[in-house]
1. Residues with beta-carbon under 9 Å from that of Val293, excluding Val293: net charge, scoring Lys, Arg +1 and Asp, Glu -1?
2. In terms of Cα to Cα distance under 19 Å, which lysines are near enough to Lys448, apart from those fewer than 8 places away along the same chain?
3. For Lys36, which aspartates and glutamates qualify as cross-link partners when the Cα separation must be under 17 Å and same-chain residues fewer than eight apart are set aside?
4. I need the P(r) histogram for the chain: all alpha carbon pairs, bin width 10 Å from 0 out to the longest distance, whole percents.
5. So for the stretch 261-410, if I pair up every lysine 8 or more residues apart or on another chain, how many of those pairs have alpha-carbons under 24 Å apart?
6. Relative contact order of the chain, please, whole-number percent, based on alpha carbon pairs below 8 angstrom and at least 6 residues apart.
7. Using a 1.4 angstrom probe on the protein heavy atoms only, line up Glu438, Glu136, Glu231 by accessible area, largest first.
8. Could you give the nm distance between label points at Asp33 and Asp284, where each point is 7 Å from its Cα heading toward the beta carbon?
Amino acid sequence: MKDGFMRYDRLDNFDVKPLDRINNYKGLHTPLDEDKRREQAARCMNCGVPFCQAGVMLNGMFAGCPLGNLCPEWNELIARGMWNEAADRLLLTSSFPEFTGRVCPALCEKACTNGLDGKAVTVRDNELSVIERAFETGYIKAVPPVERTGKRVAVIGSGPSGLACAQMLNRYGHTVTVYEREDRPGGLLMYGIPNMKLEKDIVLRRIHLLEEEGITFVCGTEIGRDIPADEILSGYDAAVLCCGSTVPRDIKAEGREADGIYFAVDFLKAATKSLMRTDISDGDYISAKYKNVIIIGGGDTGNDCAATCIRQGCRSVTQLEMMPKPPEQRTPNNPWPEWPKVLKTDYGQEESIAVFGRDPRVYQKTVRRFIADEDNKLRAVETVSLTFEHGRPEQIEGSEEIIPAELVLIAAGFVGAQENLTNAFGAKRTQRGSIATEAGHYRVNDGKLFTAGDAHRGQSLVVWAIKEGRDCAKEVNEYLSGNIS
Ligand SMILES: Cc1cc2nc3c(=O)[nH]c(=O)nc-3n(C[C@H](O)[C@H](O)[C@H](O)COP(=O)(O)OP(=O)(O)OC[C@H]3O[C@@H](n4cnc5c(N)ncnc54)[C@H](O)[C@@H]3O)c2cc1C
Ligand code: SF4
């Protein structure tokens, strides 16, 4: 089946309409039926140069799936209705397609040959349909190891990198304990990415499966505080730091101490906790209700904040972005199959357009000062425009503007792993605040300590965290097997 792309047009999973979906925190999409899904898979032309699965660096940017997912193979199997075989091929390279099938920016699709002069194959939606069908039909079962090696490994952090690393180490037969300081496992899958993009029962479904496979989760325990690093290193045969890049970049501006300024992840975490606890009826979250909200950061996290604020009933929402507005189409110096540096209007921005009649993003703007009242309650933000005339951002005098704001959310990225934890383990840090290892490796300080995910590569994506977790587990296994000393 190589000519489906000439017979069928691309059809994405259906979006719930913005004005309907803002009334709840449920998932944003509804899947296609089986016939339509098979047609979509048949659009894959099985081309001779499948960049979608290649995962290569092009012009300093990564193109294709970092996991090397065998997209053409399972597209063919879906088109033939061979769902279990498709699941087998998918699970060969991927630990958690149910996460990437929902939240991955689909690097594969940007590199799809069909996307060169037409519409890419719906690879991510196809991936999701394979794994969800496998769960529905009971094809996914716990895979405990046949034999235990007697080696014990501690994984610190239960985000996608920690989960993938734990899954693989457990399959190698090692006995794995995952430590997590939050009350539930999942890292940013649980307390970062909002429910609309990744419903939390999907995360818990996988955690339960990992438990069934024999992995122990110890939540509410912060390593370095509740258990000293030395105790981990002496008590286990190996330890893996999968603790994320959790230190948020702050905004240094006059008035920063005003009451009403929060980091985006704290806001999103509180919203999800309340949703899971009481379906938000306890009101125990940072509320945007009736507030003018300014989000500092025009990226994906800012978009998640905008969507959450709209659901909470904010009065207005504005996203300040420092960088210039990207082009609508690829520019000549950014050709296929490179990652397209083009304008993307995400779900929160669509919702803002539907509710307030405008895209929340304003470009080339930053905050000059926060303005509070006599009770230190935030009342407004003074912004200033930026120019890049000399290559670097420079403030334009006279462009200042005062915007009312009772809530500011800082979504300006992260500056690395927590220093007290890395110091406690004696791990060297890079200039970017990540844990240093030899390039392409995961071992820290030539000892029994390893690292993977955002803590290692810096703030990134779920697909990369899974890739690092899997590759790191291989290296830990070689170390435990005595193949590297
Ligand atoms: C709001 C938001 C939305 C995002 N949306 C997307 C998206 O749509 N798609 C996408 O691909 N990527 C997205 N990302 C990025 C993605 O979530 C991360 O790249 C990924 O989760 C990194 O995985 P990780 O396992 O390395 O770290 P994390 O997911 O950050 O997990 C680290 C875990 O370690 C725990 N921990 C830290 N220190 C300790 C300690 N001392 N003791 C015990 N536990 C500890 C933390 O509590 C946390 O649970 C988003 C990020 C954010 C912030
Ligand atoms: S993990 Fe992401 S890049 Fe890889 S096949 Fe799935 S959607 Fe594409």
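The values are calculated or read from the model by the stated rules, or taken from the named source; none is laboratory data. Predicted model only: the values in this text are computed from it and were never measured. Backbone-built Cβ (ideal geometry, glycine too); neighbour counts: all protein chains shown. What goes into the accessible areas is simple: the full protein's heavy atoms, side chains included, and nothing from ligands, DNA or RNA. Shrake-Rupley method; radii C 1.70, N 1.55, O 1.52, S 1.80 Å.
1. Values: positive: Lys291, Arg315; negative: Glu406.
With Lys, Arg at +1 and Asp, Glu at -1, the net is +1.
2. Here the lysines satisfying the reach criterion relative to Lys448 are Lys151, Lys428, Lys474.
3. Asp3, Asp9, Asp12, Asp15, Glu76, Asp125, Glu127, Glu132
4. 4, 18, 27, 28, 17, 5, 0, 0
5. Pairs that pass both the separation and distance tests number 14.
6. Details: 1022 pairs, mean separation 80.8, N = 485.
After rounding, I find 17 percent.
7. On the way: Glu438 130, Glu136 150, Glu231 110 Å².
Ranked from most to least accessible, the order is Glu136, Glu438, Glu231.
8. Here the modelled spin labels are 4.5 nm apart.
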